[in-house]
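The values are calculated or read from the model by the stated rules, or taken from the named source; none is laboratory data. Quick caveat, the model's predicted, so the values are computed rather than measured. Backbone-built Cβ (ideal geometry, glycine too); neighbour counts: all protein chains shown. When the accessible area is computed, the model is the full protein with side chains, heavy atoms only, and any ligands, DNA or RNA have been set aside. Shrake-Rupley method; radii C 1.70, N 1.55, O 1.52, S 1.80 Å.
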Amino acid sequence: MRTLLIVNPNATSTTPATRDLLAHALESRTQLTVAHTQHRGHAAELAQWASTNQMDLIVVHGGDGTVNETINGFLPLPELDDGQAWLPRLGVIPGGSANVFARALGISPDPVTATNQLIDLLTLDKDRRIGLGMADDRWFCFSAGVGLDADVCEAIDASRAGGHAATPARYIRTTVRQFFRARRNEPTVRIETPGRAAVEGVHYAFVTNTTPWTYLNATPVHTNPDTRFETGLGVFAVRSMAVIPTLLLARQLLAVDGNPKSRSLFREDDVPAVRIESKEPIGLQIDGDFIGKRNVVDFTSMPDILSVIAPQPN
C-alpha cells in the first residue's frame, strides 16, 4: 500500500511527537511519503499529485481546512469526472482546533488514539463509504452556511491571522457578538428545495451533510438530526433574530436528543439539492472556512462518493 501523509505543521494541535508517532506507525505498514503543507492550497496540490501517481491512501494530519483542501484536490467534480480518475482512500488524524469532520466520523479527537484507530481499521481493511455535499464547484464534508455562521467564520479566521487560537470560548463570544450585529439587518435570503414552496425572509441558514457537528469540543449540535453522511443534505433556515426565540432554539440545538422546532425555523433533513439566493451579497462558509460573499449558491448532495478509513456508523 502506497500512502501519502499530509501534515499541516501550523495546525493548532499538531506536534512533532505526534507527527513522528503517526509516521512511524504508517511506515511500518505501508510505503510512506510524508509532505508538510507550506501555503494555503498546498494540501490540494499534494492530493492531486497523490491521485496522479495512484497512491492508495492519503492520511491528513491537520484541521478541517486541510481535510477540505485535500478532498478538493483529488476528487473530481461531477461534470469533469469521466470515471478514469484514480481515487485514493482518505484517513484523518485530528490536528486542528475543532476537528469537526473527524468527530462526526467517530474518530477520536486525541491524535494518538486516532492513530491507533486508523491502524486497526487498516488492518481490518474495511472502508466506510460516505456522501459529500457540493457548494457550487467545491466539495464540503460536514457543513456550509450563509449569513451569521459565515460571519462568525470570517471573524474567527481574522482572529487566527492575529495569532489567536480558535477555542470553543472564542467561538461562543464571536457568535454572540456577530448575532447582535446581524439582528439589525433585514432578512434577504430565499431558500428553494425540490418539491417545496420557496421560503422567503431568512436571516441565516446552514446546509449540513451529517449530524451532530460542533465547534464546541464534545458538545454536539443537532441542526438536522436525521441527516447523515449516508443521506441527503439538511437545511436549517432561521427567519427570526429575536432574542428569546433564538435562545429557545439554541437550547434545542444543544440538547442530547436535539430535534429543533420553531415557528421561525424552516428545516428539512434529507434533500438532494438546495438553492440559496440573497438580494444582497451574503457571506458563505464551507467546512468552517470563510469563502466570500455570494448572491446565489447551489448546494447538491453527492451520495456514496468517498472511501474513508473510519468506524462504521451505529
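Express the accessible area of the chain per residue in Å², computed with a 1.4 Å probe while the remaining protein chains stay in the model.
Counting only protein heavy atoms, the per-residue value for the chain is 45 Å².
Take every pair of alpha-carbon atoms less than 8 Å apart whose residues are at least six positions apart; their mean separation over the length of region 182-225 yields a relative contact order of 26 percent. The fraction of accessible area contributed by carbon and sulfur in region 177-314 is 52 percent, rounded to a whole number (1.4 Å probe; ligands and nucleic acids excluded).
Taking amide H positions as modeled 1.01 Å from N, with prolines and chain starts lacking one, the residues under 5 Å from His36 and 5 or more places away or on another chain are Val7. Taking Cα atoms only, the orientation of helix 168-182 departs from the longest principal axis of the chain by about 30 degrees. Computed with a 1.4 Å probe over protein heavy atoms only, the accessible area of Lys293 comes to about 130 Å². About its Cα centre, the chain has a charge dipole of approximately 1100 debye under the convention of +1 per Lys or Arg Cβ and -1 per Asp or Glu Cβ, with nothing else charged. Measuring nothing but alpha carbons in region 149-201 and taking Rh as the Kirkwood radius, the Rg to Rh ratio lands at 1.15.
Only helical runs count toward this figure. For the chain, summing -39,500 (n - 2.57) over DSSP H runs of n ≥ 4 and dividing by all residues gives -9000 deg cm²/dmol at 222 nm. Rounded if a/c is under 1.5, else prolate if a/b beats b/c, else oblate: with a ≥ b ≥ c from the C-alpha gyration tensor eigenvalues square-rooted, which is region 75-129? The shape class here is oblate. To the nearest whole percent, what portion of all C-alpha pairs in the chain is separated by more than 33 angstrom? So the portion of pairs separated by more than 33 Å is 22 percent.
Residues whose amide H comes within less than 5 Å of that of Gly201, counting only those at least five positions distant or on another chain, are Val189 (H built at 1.01 Å from N in the peptide plane).
Ignoring ligands, DNA and RNA, how do Ser28, Ser51 rank by accessible area with a 1.4 Å probe, largest first?
On the way: Ser28 75, Ser51 15 Å².
In descending accessible area the options line up as Ser28, Ser51.
Here region 210-251 yields Rg over Rh of 1.02, to two decimals, using C-alpha coordinates and the Kirkwood radius.
By its C-alpha gyration tensor, with a ≥ b ≥ c as the square roots of the eigenvalues, how is region 1-100 shaped: rounded for a/c under 1.5, else prolate for a/b larger than b/c, else oblate?
Oblate is the answer for region 1-100, as a/c is 1.5 or above yet b/c matches or exceeds a/b.
Percent of accessible area on region 70-132 owned by carbon and sulfur, 1.4 Å probe? Result for region 70-132: 50 percent of the exposed heavy-atom area is carbon or sulfur.
Of the whole protein surface, Ile282 contributes about 30 Å² of accessible area at a 1.4 Å probe radius. Seen against the Cα atoms of the chain and their longest principal axis, helix 111-124 is set at about 70 degrees. Helix 64-74 and the long axis of the chain differ in direction by around 70°, with both axes built from C-alpha atoms. Each label was represented as a point 7 Å from its Cα along the Cα-to-Cβ direction; for Gln312 and Gln54 these points are 3.0 nm apart. Note on Thr123: accessible area approximately 100 square angstrom, rounded to 10, probe 1.4 Å, nucleic acids and ligands left out. Protein-only accessible surface at a 1.4 angstrom probe places the residues Leu77, Leu306 in the order Leu77, Leu306, largest first.
The distance between label points at Glu280 and Glu200 comes to 1.8 nm (points 7 Å beyond Cα on the Cα→Cβ vector). The convex hull defined by the C-alpha atoms of region 154-242 has an orientation-averaged projected area of 7.3 nm².
The stretch between Arg251 and Ala169 holds 27.8 nm of extra length on full extension. This uses 0.36 nm per residue minus the Cα-Cα distance. Anisotropy class assigned to region 122-171 is oblate, per the alpha carbon gyration tensor with a/c at or over the 1.5 cut-off and a/b no larger than b/c.
The residue list Leu21, Ile191, Leu249 was ranked by how far each Cα lies along the charge dipole of the chain toward its positive end, using unit charges on Cβ atoms, and Leu249 comes out on top. Multiplying the residue separation of Glu79 and Asp270 by 0.36 nm and subtracting their alpha-carbon distance yields 66.5 nm. On full extension, the segment bounded by Ala161 and Arg29 gains 43.8 nm, given 0.36 nm per residue less the C-alpha separation. The Cα atoms of region 70-219 cover 55, 39, 26 Å along the three principal axes, with the biggest extent listed first.
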